[in-house]
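Trainee: Take a look at the following structure, please.
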Amino acid sequence: MRKSCPRCSSGVQAKALGKLSVESAPLRLCVEGMPAAACPKNHSSPVDGNFMLWLIQELKGRETALPAGEEKGAIFKKFLCACGKQLASKAERKQAFALDLAYEGYPAFKAELEMPVYKCAGCGKEQLRSAKEAQKHTSHAIAELNDAAGFPHA
């Protein structure tokens, strides 16, 4: 845990933040109870210098386990289901995927990723177009989350 506030150098204590919701279209990210370091002047910052990087890596890793098609093609992209059929070009709906997270030494907190899901024309399975596509938006969403939490830019 960091020892002092990066803004005012006051001592800090661990605190769980309330619900924060950000968007990096088409990804919407909500977190609740995320650990932070807070000072008496009500400044907040990540609990340590590795936390936000850990959060990006953790979310990107979890996204690979979500139901998703496979991206094919360099210029003209196609998204294929595991059954081999192409996914619909238009999203069926948006779906939220709940995640339980825990940074070592701090209480667990919750995250929710919301993304459009696409229906396979062959087997009918609803899924993300690709995990790779979801991961592209995660870093941007974390930058927005950093700002929404009031964390200073390092």
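The values are calculated or read from the model by the stated rules, or taken from the named source; none is laboratory data. From a predicted model like this one, the values you see are computed outputs, not experimental measurements. FYI the Cβ positions are ideal-geometry reconstructions off the backbone, even for glycines, and counts take in every protein chain you see. Ligands, DNA and RNA are excluded from the accessible area calculation, which covers all protein heavy atoms including side chains. Shrake-Rupley method; radii C 1.70, N 1.55, O 1.52, S 1.80 Å.
Trainee: Report, by residue number, each residue of segment 100-116 that is within 14 Å of the chain's Cα centre (by Cα) and either open to solvent by less than 20 Å² (accessible area, probe 1.4 Å) or on the phi > 0 side of the Ramachandran plot (or both).
Mentor: Leu101, Phe109, Ala111, Leu113, Met115
Trainee: Return yes when Leu66 is free of Cβ contacts under 8 Å to residues at least 12 places away in the same chain, out of contact with any Cys (no Cβ under 9 Å at 6 or more places or on another chain) and more than 15 Å from Ala148 (Cβ to Cβ) and no when it is not. Walk me through how you get there before you give the answer.
Mentor: Details: free of Cβ contacts under 8 Å to residues at least 12 places away in the same chain: no; out of contact with any Cys (no Cβ under 9 Å at 6 or more places or on another chain): yes; more than 15 Å from Ala148 (Cβ to Cβ): yes.
So Leu66 does not fit the description; no.
Trainee: Only one residue in Gly61, Gly49, Gly124, Gly73 is exposed (fewer than 15 other Cβ atoms within 10 Å of the Cβ), modelled with pLDDT under 95 and within 18 Å of Ser139 (Cβ to Cβ), so which one is that? Please lay out each step first, then the result.
Mentor: Working: Gly61 fails: modelled with pLDDT under 95; Gly124 fails: within 18 Å of Ser139 (Cβ to Cβ); Gly73 fails: within 18 Å of Ser139 (Cβ to Cβ).
Exactly one of Gly61, Gly49, Gly124, Gly73 is exposed (fewer than 15 other Cβ atoms within 10 Å of the Cβ), modelled with pLDDT under 95 and within 18 Å of Ser139 (Cβ to Cβ), namely Gly49.
Trainee: Quick one: which of Ala68, Ala88, Ala82 is closer than 24 Å to Ile142 by Cβ and of a type outside the set (Asp, Glu)? First the steps, then the outcome.
Mentor: Working: Ala88 fails: closer than 24 Å to Ile142 by Cβ; Ala82 fails: closer than 24 Å to Ile142 by Cβ.
Result of the check over Ala68, Ala88, Ala82: Ala68.
Trainee: Let me ask something else about it. Mind listing just one residue for me: the one in segment 102-138 that is of a type in the set (A, V, I, L, M, F, W, C) and touching a Gly at 6+ places or on another chain (Cβ under 8 Å) and, of those, farthest from Ala91 (Cα to Cα)?
Mentor: Out of the qualifying residues, it is Ala108.
Trainee: Search segment 27-36 for residues being open to solvent by less than 50 Å² (accessible area, probe 1.4 Å) and in contact with a helix residue (DSSP H, G or I) (Cβ under 9 Å, 6 or more places away or on another chain), and hand back the single one that is farthest from Ala96 (Cα to Cα). Give the steps one after another, and end with the answer.
Mentor: First pass over segment 27-36, keeping only residues open to solvent by less than 50 Å² (accessible area, probe 1.4 Å): 27, 29-31, 33-36.
Subsequent filtering for residues that are in contact with a helix residue (DSSP H, G or I) (Cβ under 9 Å, 6 or more places away or on another chain) retains 27, 29, 31, 34-36.
Values: Leu27: 10, Leu29: 9, Val31: 12, Met34: 18, Pro35: 22, Ala36: 24 Å.
That would be Ala36.
Trainee: As an exercise: evaluate Glu133 against (1) open to solvent by less than 50 Å² (accessible area, probe 1.4 Å); (2) part of a helix (DSSP H, G or I); (3) under 30 Å from Cys8 (Cα atoms) and give the number of the one condition it does not meet.
Mentor: Only one criterion is unmet by Glu133, namely (3).
Trainee: For segment 83-98, enumerate the residues that are open to solvent by less than 90 Å² (accessible area, probe 1.4 Å), free of Cβ contacts under 8 Å to residues at least 40 places away in the same chain and over 24 Å from the mean Cα position of the chain (by Cα).
Mentor: Scanning segment 83-98 gives Gly84, Ala88.
Trainee: Restricting segment 37-46 to residues that are open to solvent by less than 50 Å² (accessible area, probe 1.4 Å) and not polar (S, T, N, Q), which is nearest to the chain's Cα centre (by Cα)?
Mentor: Step one: list which residues in segment 37-46 are open to solvent by less than 50 Å² (accessible area, probe 1.4 Å), which gives 37-39, 43-46.
From the residues that got through so far, the ones that are not polar (S, T, N, Q) too are 37-39, 43, 46.
Working: Ala37: 20, Ala38: 22, Cys39: 26, His43: 23, Pro46: 16 Å.
Among residues in segment 37-46 that are open to solvent by less than 50 Å² (accessible area, probe 1.4 Å) and not polar (S, T, N, Q), the one nearest to the chain's Cα centre (by Cα) is Pro46.
Trainee: A follow-up question, please. Just to be sure, is Ala68 more than 30 Å from Lys125 (Cβ to Cβ), of a type in the set (Gly, Ala, Ser), buried (at least 17 other Cβ atoms within 10 Å of the Cβ) and in contact with a helix residue (DSSP H, G or I) (Cβ under 9 Å, 6 or more places away or on another chain)?
Mentor: no
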